[in-house]
Structure formats: C-alpha cells, structure tokens
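Trainee: The structure is given below, and queries will be raised subsequently.
The values are calculated or read from the model by the stated rules, or taken from the named source; none is laboratory data. Every value quoted in this text rests on a predicted model; they were computed, and no experiment measured them. Here Cβ is always computed from backbone atoms with ideal geometry, including for glycine, and neighbour counts include all displayed protein chains. Accessible surface areas use protein heavy atoms only, side chains included; no ligands, DNA or RNA. Shrake-Rupley method; radii C 1.70, N 1.55, O 1.52, S 1.80 Å.
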Amino acid sequence: MYGWFDCRLRVDLTTGSIQHESIGEQVLRDFIGGRGLNDWVLFQEVRADADPLAPENVICFAPGPLTGTAVPMNSRCEVSTIGPHSNILGDGNGGNKFPYRMKCSGLDQIVVTGRSERPVYLWIEDDCVELHDASPFWGLNTWETTDALKKVHGNDIGVVCIGQAGENLVRFASVIFDKYSSAARGAGAVMGSKNLKAIAVRGTKKVPAADEGELRMLAAEDRQYFRTNPFQKETVSRVGTHHGLGHWFPGWRNNAKYLSSEEIPQQIHTEAWARYQTGRTACHTCPSFCKDVYTIPDGPYAGETGSAMEYEGIHCLGINCGVEEPTPIMAMQNLADKYGMCVIPLGNNIAFAKDLFARGILSSADVDGLNLSWDNYEDQIELIHRVALRKGFGSILAEGEIGAARLIGRDSGDYNDQVKGTGRGHFPPGIFALAHATSTRGADHLRGRSWAFGENDGDLFHQLIEQGFIPADDVGKLLVSEEACALNDCLGRCKGSVNAWVNAIPLVWKYPLYKGLARVLTAATGISFDENELAAAGRRVYLLEMALNARRGVTRASDRLVQRPELRDTPEGEQQRRQHEAMLTEYYRRRGCDPVTGVPTRPALEALGLDEAADVLEAEPVRTWNGPPLWPLSDYPQGQIKA
C-alpha cells in the first residue's frame, strides 16, 4: 500500500494490551485519514451515553496520507474524542514534529481505550511499542515533560503530552505537541482521565508513494507558490496571525464590541510584536514560518522564551479580557502552553467571569478575593494558575463554558456566547452566525467559517465563485467550505495559520477545486481519486459528525443564534432569530438533514455509504443534549506545582 501503512495501533490502558491492526483499503479510501478515520472509530466504539471522562471514552490520534511525503505543510495530526467540556465531538489539530514522527513509525492512527491504574506514557520506536511508568513525570508541565522525555529517549523524537490542567481534568485541557502546538477541545482532560501522560515517538520509516516523480513535481509547484506569493511571503512569513489584529475585528471585553484596526492599541498591534521576536519557526515541511519565537522582556517571567504567540492568544487572553499590555499577554500564552490549555476557552471563561464581576453578578467573595477588574492582569494571571490547578473559583471556570455558567447560575449564561460548548462571539444572521451554529465541535472559525467568508484569499475566492466551484449564496459557501475543511483535516495538511483556501486544498490556486488534490492523492496512494470522490469524502465526514452528535442528543435547538439580553428581548432580536432559522432550514435541506430536527436523514447517509450510521440513529433512543455531565467539584483531582 502507498501513502498509508494500513496500520492502526490499538492500546487498551485497562489491560495493557497493545495491538497493530489493519484499517482496510475501503475505510481509508472513504475517510482518507486524520479526522475522518477518527470520526469513524468514535462513532463505532463510543456509547452514546458514555461520560467523556469515563474509561469508556476513546481518544484517537491520526495524521493523514500526505504526512511524511514531499507535499509541504503535511505535519498535522488530528486528535479526536468526546469533549468533556461539551459532551459532543471534541477534536483538535496539532503540528510541529510529532505527526511526522508518528507517520514515519508506520502508523496511520493510534486508538487509546480504557484507563490505567497508574500514570503511564506510550513509547513508540517504529514497530516497537511499550507502556512506561510516567510517575516521575506526573505533576510536570508540558515543557518539563517534553524535555524529560527527550532526556530519556533522545532529541530526535516527537512528544504529545498533557500538563497539570489535563491531570486535574480541566474540561477544556489541550494536548500539547512538542511544547508549542495545542490540539484543543478537551483531549487533554481525556488523557488525564486515562492516566496517560504522554506519547513519545521515533519514526525512521519512509512513507511510500505510488508515483514519487509526479508527487515531487506537484509538491514543488505547491511549495514554490508559498515561497513567492506576495501575501504569503510578505505577510504570513513575516507576521503570521498578527496580521489578524488589523483585519479580523477582535472582540473587546467579553465581546462588548469588535475593534477595528484603528481601535487596536498600538502596543499590541500587528507590528508591535516584532520588538519581542528573536526568530521565526515552522512546523515540519512548512515553507511559511508563520510562528514567532519571542522573549518576555520584563516582569515576573522576564527572560522566558515562547513560541507561536498567535492572534487568538492576544485576542482571547488579552483584548477580550481587557488586558492591553504585551508582557502579561506573552506570560499568559506561555502559561496556557505549559499547563496544557487552549487559549480560546480559557480566555472566553475569564472574559465571562470579568464581565460578571463588572456587572455585579459576581462579588469579590465569589471569586476568592481576586480583583477581576478589566485591566487587572496580575489577578488574571493568578486566576489562570487556579483554573489549571482547580483551586477555588478556578475550579468553577475549569468546568468549561457550559459548566461554569451552570454552576454560577443567576442568569449568567446570558453573557456567555457558547454554542455547543465553545464561544466565538455573537453576530447577526449570516455566515459567521450560521458557521458557529452548524460547527460539529462547537462554535468555531476552523470548521469552514473563514473559508466561506473568503477573508484571506483576495481575488482567488471571488474567482472560485465566478468559475462555479463555490456557490454565490451564504449557505452554499458554508456547505462547500465545511466539506473542504473536513477533507483538509483528513489529509494531514495545515489549513494555514492565516486561514486560506491555498493552504487547505493543495494547488487550488492552479487546479481548482479538488483537481490538484486528486492528482496529489493519486500520486501518493496509487488509488485513482477524482474530484467528485473527494467532494463526497468531505460531505461523508461532516455528515457522520452530525450523526455522532445527534446520537448524543444534539438537534436543531442546539444550533442557536447567540444573542445578548439587550437584543434578544426586542423585536429586532426576534426578527434576527427568524432570519437565522430560515438559513438553518435551508442549510439542513442542502446538507441532508431533517429540517425539523436537524438530524441527518437515512437517504443522505446511505448516499454516502453510511448505512450503518442510519441504522444506529434509528435503533437508539432519542436523547436530549444538555452539555456535559458535571461532577461534584470535590471529586476532581487538584493541585500540583505552579507553572
């Protein structure tokens, strides 16, 4: 077999069993890799009523058929589970070297089940796989864990691990790849619940290609584009996602408003971050070098270095929390990486708490004496420690965006912008609101929104519409974009830190929409892929995810339009809800879902070869989704040493 190794590593932590098994050519062809493979395993193996933090949950790691090949930007790995913060699909995507090392060990997927009695880590060296005692590493942060494992096994390894947040079952804890890349949506808490501290891998195998010459020729074309395109060369490679500070309208103080470029404070605007930069870096095989390396100049963390100070860290931990000074923002980004927490839900929940504090809904006593005024970054940093270590009020925020609002009560949810467990702001009816509603992992910009909006592709986006590759209407734009992003996550390819069609779909700038990708995958795998088959694969993955969530009780009612009370309770608010509902109806009709329930229909599933999913939906009882099943706060582990 080419492109794939046709190998799944299955690890049962309860029994200690480790097995290599065949995935099968038809499954690989249908689901490609990465996100698709993981979705299929989760649908088949996780009970619809399983608690995400119970041993019955499963966590999957999968790169894609392009990982380890000559195609650039291919060192990405999808991490998928049932999210403890949401109780629906929780998947994230990480980069750096681990995905490449994993693929070169001969693995297309790792599936971890059960729960170990003691802390362990998984060591993989090509065909040799062992579980090792992780007790010496339990309590260490992700940077310390990565360094410690490299001391044991050598510097030429890839490491994914959790920090104290994952150990303490912070519901939105991340899995951290090689110190600085975060795979979000709660997988870190699932690893913690299984007592799995890390996976370390050395892979030395060559990924076989069916037509090495053709693949290298196509890869060279793709790489040359990123090296010479003015936007990629002069913007992405120079400032990365800091570009977004002047173009993406970040939310301010819990999304009270969205800031234009002129409103962004100069000390944290796009060009200001260059003064802290000591270099630039990239994931394995990436020509873009979109990530900075920086040094904190002063304060308690003076001299500490970090990497990948992204727009979302500046936005979510900074601007949206009322912090407008660069030094504390860098310190908080590093803390999130070390503890193993995604900056988006962490920042969302802190902004939410600060908003409630400003409104008088939360008192100083409620937050353990902290001063959560907007510009107080010292107490915000302390709160981050308390979230990760599950101390006092921090343990409430550690329950995630749904859980925190539920525990606080007092109608606090009115100021929480989450949809299915994750918040991305509140917007009027349109692409943003619809994309947040229909995203299969909670409100998100990476499920299709940025591509449907065409915000980073310049003339190419409009050309694709004019040429008929992307529909001209908003619902159609989103449908195609969701499918393209699903397909991308199956490939092991980066969507681009500055999210763009040229990143998501190889050679789309020359051979639209999937013609270039079909040539790439055919050369890589030896299977004759065509454009229609690839489009169907994207639809298959997305509809399967909707079916997976429907099993857990997600229906049309869950795909809500976020509105604050001051708009919600007005005639204008009612009118906007009607507009959103009309767009949802059209979306469901074209996606293949029942417009009343939002659940995938049997004909739509069967048309994509998902007969088994249709059978399961019909056979199982109808459930009502209401977020995650919360535990008493006293039942969680807590503590460890501050990062």
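Trainee: Would it be correct to say that residue 410 is among the charged types (D, E, K, R) and either in contact (Cβ under 8 Å) with a residue 60 or more places away in the chain or open to solvent by less than 30 Å² (accessible area, probe 1.4 Å) (or both)?
Mentor: So residue 410 does not fit the description; no.
Trainee: Go through 507, 534, 544 for me and flag whichever is touching a residue at least 24 places away in the same chain (Cβ under 8 Å), in a loop (DSSP other than H, G, I, E, B) and either out of contact with any Cys (no Cβ under 9 Å at 6 or more places or on another chain) or farther than 27 Å from residue 438 by Cα (or both).
Mentor: Answer to the selection: 507.
Trainee: If residue 596 satisfies every condition in (1) surrounded by 15 or more Cβ atoms within 10 Å (Cβ to Cβ); (2) of a type in the set (A, V, I, L, M, F, W, C); (3) part of a loop (DSSP other than H, G, I, E, B) but one, which is the exception?
Mentor: Going through the list (1) surrounded by 15 or more Cβ atoms within 10 Å (Cβ to Cβ); (2) of a type in the set (A, V, I, L, M, F, W, C); (3) part of a loop (DSSP other than H, G, I, E, B), residue 596 breaks only (1).
Trainee: Test each condition in (1) aliphatic (A, V, I, L, M); (2) out of contact with any strand residue (DSSP E or B) (no Cβ under 6 Å at 6 or more places or on another chain); (3) surrounded by fewer than 22 Cβ atoms within 10 Å (Cβ to Cβ); (4) touching a residue at least 24 places away in the same chain (Cβ under 8 Å) for residue 259 and report the one that comes out false.
Mentor: Of the numbered conditions (1) aliphatic (A, V, I, L, M); (2) out of contact with any strand residue (DSSP E or B) (no Cβ under 6 Å at 6 or more places or on another chain); (3) surrounded by fewer than 22 Cβ atoms within 10 Å (Cβ to Cβ); (4) touching a residue at least 24 places away in the same chain (Cβ under 8 Å), the odd one out for residue 259 is (2).
Trainee: I'd like to know if the range 344-363 contains one or more residues that are under 16 Å from residue 245 (Cα atoms) and open to solvent by 10 Å² or more (accessible area, probe 1.4 Å).
Mentor: Yes, that holds for at least one residue.
Trainee: In this structure, is residue 418 within 25 Å of residue 310 (Cβ to Cβ), open to solvent by 10 Å² or more (accessible area, probe 1.4 Å), within 26 Å of the chain's Cα centre (by Cα) and among the polar types (S, T, N, Q)?
Mentor: yes
Trainee: Could you please find all residues in the range 14-40 being part of a loop (DSSP other than H, G, I, E, B) and open to solvent by 10 Å² or more (accessible area, probe 1.4 Å)?
Mentor: Listed by number, the residues that qualify are 14, 15, 16, 22, 23, 24.
Trainee: Can I ask one more? Just give me the residues in the range 561-593 being in a loop (DSSP other than H, G, I, E, B), out of contact with any His (no Cβ under 8 Å at 6 or more places or on another chain) and either touching a residue at least 60 places away in the same chain (Cβ under 8 Å) or crowded, with 16+ Cβ neighbours inside 10 Å (or both), in sequence order.
Mentor: The answer is 592, and nothing else.
Trainee: From 306, 251, 299, which residue is open to solvent by less than 10 Å² (accessible area, probe 1.4 Å) and either closer than 22 Å to residue 388 by Cβ or hydrophobic (A, V, I, L, M, F, W, C) (or both)?
Mentor: Sole residue among the options that is open to solvent by less than 10 Å² (accessible area, probe 1.4 Å) and either closer than 22 Å to residue 388 by Cβ or hydrophobic (A, V, I, L, M, F, W, C) (or both): 306.
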